[in-house]
Amino acid sequence: MNEPNPIDSERASATPPRSTRRLRLRRQRSHDRASVVRALPTLLTLGNLMCGFAAIHFVAKPIEPTSIFGWNTLTVAGTLIFVGMFFDGIDGFAARLTRSASSFGAQLDSLADIVTFGVAPAFMMLRLVSHYYGPSNYTGILGPDADSIYIKAVWIIAAFYVCCTALRLARFNVESASPKEDDHRWFAGLPSPGAGGAVASLIILHQHMLFIDYKEAAPDSFERINSLVIPLVTLACGVGMVSRIRYAHLVNRYLKGRKDFAFAVRLVLPLAFAIVWFHPTMAAVFTIYALSGPIGALMRRRTNAAPPPST
């Protein structure tokens, strides 16, 4: 009768049972799925960053129709800013849902916002002005080396806007002491998505009216006057971002918690208008939001300055 080999016995004892191997494999797969889920907020933030980069790519091209629904390059760039805004709106929700909110995610979010809501809208404004005020058949983007004083001033406004965006985001990161977004019902200064949306939506509306609504009937003065107004809007949005004017956090203040039927109607109506009249609705919404801060501040000042009622 053969004696059992002690080496084979040691190998058999060292090999885990089949059930244990299956359990380890399940745990590994579960860990891999959890890692993918935790990476979702970061991927959404990077989607925002990519939208900003793609917007700059289209702005760098001459204003001409593209293969994307026949839109011109500025319209595509502005739409990409809105898509980036969508990613920026849901990455925080995804982080809370997956319990993966972190300081890393907050810093990455701000870096993406500088590109999408800072550099891209400023670049759009420069492209618009360069197209209508540059030399004949000029396809580049005018800068501080241009001969025109107006172009130099517009370039300074664009650079000022980008700097204000960076300051706004850095200040928000420092002053946001509470990690819970539920605590933030007001912003100190115009949020960068609101500023970028105001600039981009007005440029998109300008292009839509010029190439779709009016086409041949649009006078040259329409092009030039609007090209003068939009830099002033960009300057005002930059000042609004670094100001201390109070702006409502729309999601936390108006969309959270239980709402009645009347609120649902008020929410659906703007969405319906946006579907039917996308360009004017988006421009109106962002313009009203940008103006809501100064108007609210003036109303509060008048209320505080009013004398008490006589008894």
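The values are calculated or read from the model by the stated rules, or taken from the named source; none is laboratory data. Just so we're clear, the structure is a prediction, and the values are computed from it rather than from any experiment. Positions of Cβ are backbone-derived with ideal geometry, glycine not excepted, and every protein chain shown enters the neighbour counts.
Among (1) among the hydrophobic types (A, V, I, L, M, F, W, C); (2) modelled with pLDDT of 95 or more; (3) surrounded by fewer than 24 Cβ atoms within 10 Å (Cβ to Cβ); (4) under 22 Å from His279 (Cβ atoms), which single condition is Met50 missing?
(4)
Would you pick out the residues in the range 59-90 that are of a type outside the set (A, V, I, L, M) and more than 17 Å from the chain's Cα centre (by Cα)?
Our first condition is that a residue be of a type outside the set (A, V, I, L, M); within the range 59-90, this holds for 61-62, 64-67, 69-73, 75, 78-79, 82, 84, 86-89.
Matches in the range 59-90: Lys61, Pro62, Glu64, Pro65, Thr66, Ser67, Phe69, Gly70, Trp71, Asn72, Thr73.
Aromatic (Phe, Trp, Tyr) and crowded, with 22+ Cβ neighbours inside 10 Å - does that describe any residue in the range 53-71?
Yes, because at least one residue in the range 53-71 is aromatic (Phe, Trp, Tyr) and crowded, with 22+ Cβ neighbours inside 10 Å.
Restricting the search to the range 65-89, which residues are modelled with pLDDT under 90 and part of a helix (DSSP H, G or I)?
Gly89 - this is the single residue of the range 65-89 that is modelled with pLDDT under 90 and part of a helix (DSSP H, G or I).
Among the residues that make up the range 241-251, is at least one of them within 16 Å of Leu190 (Cβ to Cβ), modelled with pLDDT of 85 or more, out of contact with any Phe, Trp or Tyr (no Cβ under 9 Å at 6 or more places or on another chain) and assigned to a helix (DSSP H, G or I)?
yes
Of everything in the range 107-166, what is among the aromatic types (Phe, Trp, Tyr) and buried (at least 18 other Cβ atoms within 10 Å of the Cβ)? Give them in sequence order.
Across the range 107-166, the qualifying residues are Phe117, Phe123, Tyr133, Trp155, Tyr161.
Kindly indicate which of Phe104, Phe93, Phe86 is closer than 22 Å to Ile204 by Cβ and among the aromatic types (Phe, Trp, Tyr).
Phe86
Could you tell me which of the residues Ala95, Ala101 is at pLDDT below 90, crowded, with 20+ Cβ neighbours inside 10 Å, more than 23 Å from Gly238 (Cα to Cα) and touching a helix residue (DSSP H, G or I) at 6+ places or on another chain (Cβ under 8 Å)?
Going through Ala95, Ala101 in turn, just one is at pLDDT below 90, crowded, with 20+ Cβ neighbours inside 10 Å, more than 23 Å from Gly238 (Cα to Cα) and touching a helix residue (DSSP H, G or I) at 6+ places or on another chain (Cβ under 8 Å): Ala95.
Based on what the data block shows, is Asp91 of a type in the set (Asp, Glu) and in contact (Cβ under 8 Å) with a residue 40 or more places away in the chain?
Yes: the conditions hold for Asp91.
Could you list all residues from the range 266-305 that are modelled with pLDDT under 85, over 28 Å from Leu80 (Cα atoms) and of a type in the set (A, V, I, L, M, F, W, C)?
Ala305, the sole residue that qualifies.
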